[in-house]
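Quick notes on the structure that follows.
Only the coordinates and a few stated rules stand behind these numbers; no lab work does. Remember, predicted model here, so these are calculated numbers, not experimental data. Glycine also receives a Cβ, built like all others from the backbone with ideal geometry; neighbour counts cover every protein chain displayed.
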Amino acid sequence: MEAEGEKQWSSLIVPFVLEIVKEKNFTTIPPRYVRVDQEKTEILNDSSLSSEIPVIDMTRLCSVSAMDSELKKLDFACQDWGFFQLVNHGIDSSFLEKLETEVQEFFNLPMKEKQKLWQRSGEFEGFGQVNIVSENQKLDWGDMFILTTEPIRSRKSHLFSKLPPPFRETLETYSSEVKSIAKILFAKMASVLEIKHEEMEDLFDDVWQSIKINYYPPCPQPDQVMGLTQHSDAAGLTILLQVNQVEGLQIKKDGKWVVVKPLRDALVVNVGEILEIITNGRYRSIEHRAVVNSEKERLSVAMFHSPGKETIIRPAKSLVDRQKQCLFKSMSTQEYFDAFFTQKLNGKSHLDLMRI
C-alpha cells in the first residue's frame with residue numbers, strides 16, 4: 001500500500017510502559033521517566049473554568065436556522081481557546097462504545113502479539129513513542145500506536161495486515177466518519193473566515209489522516225512523570241475521543257493549565273499549527289499535555305487531518321489580501337513535518353520558526 005519512495009520519519013525505540021507497570025513488585029519509576037524539569041504552572045482544576053471550554057453542536061452548525069449563531073461560537077472557540085468539544089456529531093454512541101472496548105482490548109494483547117506491530121528501526125508508525133531523538137531524552141509515561149489511515153496508498157501494509165480483523169474494520173469505519181466531520185468543520189471555518197471555498201477544499205482534498213491511540217498506565221508517583229509532554233499539534237485539525245472518561249488532558253489558557261473534563265460521546269477538537277498558518281494566525285494552535293494518576297489507566301484516540309504531503313501550506317490568499325500582511329512562510333506539508341518530527345516536543349517552538 002505504501003507509495004514507493006515515501007519518506008518515513010523515525011523515532012528511537014523505547015520500552016513499553018505497560019510492561020514496566022506489570023513487573024512484579026513495581027514501585028520505583030525508572031529514572032528516564034522522572035520529570036524534575038516539568039513546568040510547575042498553576043493548574044486550574046475548578047469546574048467553573050473547565051465548563052467555559054466551548055461546546056459546539058454539529059447539528060446546529062449544519063442547520064439553516066441555527067447556523068449563524070453556531071458559526072459565531074465556532075469562530076470564538078478557534079480564536080480564543082483553540083479547543084472545543086463537539087457534540088451531536090453523528091457518530092452513533094453504540095459504535096463509539098464498540099471502538100472504546102476494542103481499543104482497550106488492543107492494548108491488552110499479549111506482548112508477543114504487540115511486538116508484531118512494534119515500530120521498526122528507522123520508522124515512525126506502530127507501537128512506541130514519537131519525537132524521541134536522543135538516548136538521554138526524558139520519556140513520557142505512556143504508550144502509543146500510530147498509523148497512517150489516509151490516503152490509502154500511504155498505509156503501512158505490514159501493520160494493517162496484522163491488526164485484529166474486527167479492530168481493523170472498526171478503525172476503517174471510524175477514520176471515514178471522522179474524516180467527514182473534519183471536512184465539514186474545515187468548510188464551516190472557511191465560511192466564517194471568508195476564505196474562498198475552493199482554497200480550503202484544495203488544501204484538504206487529498207487529506208493526510210493519521211491515528212494515534214494513547215494509553216497512559218497508572219503511576220505510583222504521578223506528580224513525577226508526564227503522560228504526554230506539552231506541545232501543540234503540527235496537523236491542521238485534531239479530533240480526539242477520550243475513551244474511558246478519565247481526566248488527564250489539560251490545555252494552556254492564559255499561562256495556566258485547564259483540565260478538559262470528558263463529556264460522554266463528545267469529540268475534543270483542536271486547531272493545529274498548519275491551520276494557524278492557513279488562517280494567518282487568526283485561529284490558534286494551543287499547547288496541551290496529558291497527565292496521569294495513581295489508580296486509573298487513561299486511553300484516548302486522536303485523529304490528525306492535514307493537507308497532502310506535497311501540498312504547499314501558506315496563509316490563505318483571500319485572507320492575506322484583506323489583512324494586507326502575511327505572517328508565515330510557505331513550505332510543503334512534507335517539509336513541515338520533516339522538521340517537526342526530527343526534534344523533541346517543545347511547546348510551539350517549531351511554529352515560531354515559520355513566522356516572518
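Net charge in the neighbourhood of residue 182 (other residues with Cβ under 14 Å of its Cβ; Lys, Arg +1, Asp, Glu -1) is -3. When segment 250-311 is described by a simple charge dipole with +1 on each Lys and Arg Cβ and -1 on each Asp and Glu Cβ, the residue from 285, 255, 299 located farthest towards its positive end is 255. So, in Å, what gap is there between the alpha-carbon centers of segment 54-83 and segment 249-271? If you average the Cα positions of each part, the centres end up 16 Å apart.
Loop-only check: which GluC sites (Glu not before Pro) in segment 71-160 are DSSP coil with at most 14 other Cβ within 10 angstrom? Here the GluC sites (Glu not before Pro) that fit, given the DSSP loop and packing criteria, are 135.
Debye-formula intensities of segment 43-352, expressed as log10 I(q)/I(0) at q = 0.16 Å⁻¹, are -1.54 (one equal scatterer per alpha-carbon, no solvent). For segment 104-167, the square roots a ≥ b ≥ c of the C-alpha gyration tensor eigenvalues yield an a/c of 1.5 or more together with a/b not exceeding b/c, which makes the shape oblate. Extension gain for residue 263 to residue 101 (0.36 nm times residue separation, less C-alpha to C-alpha distance): 56.6 nm.
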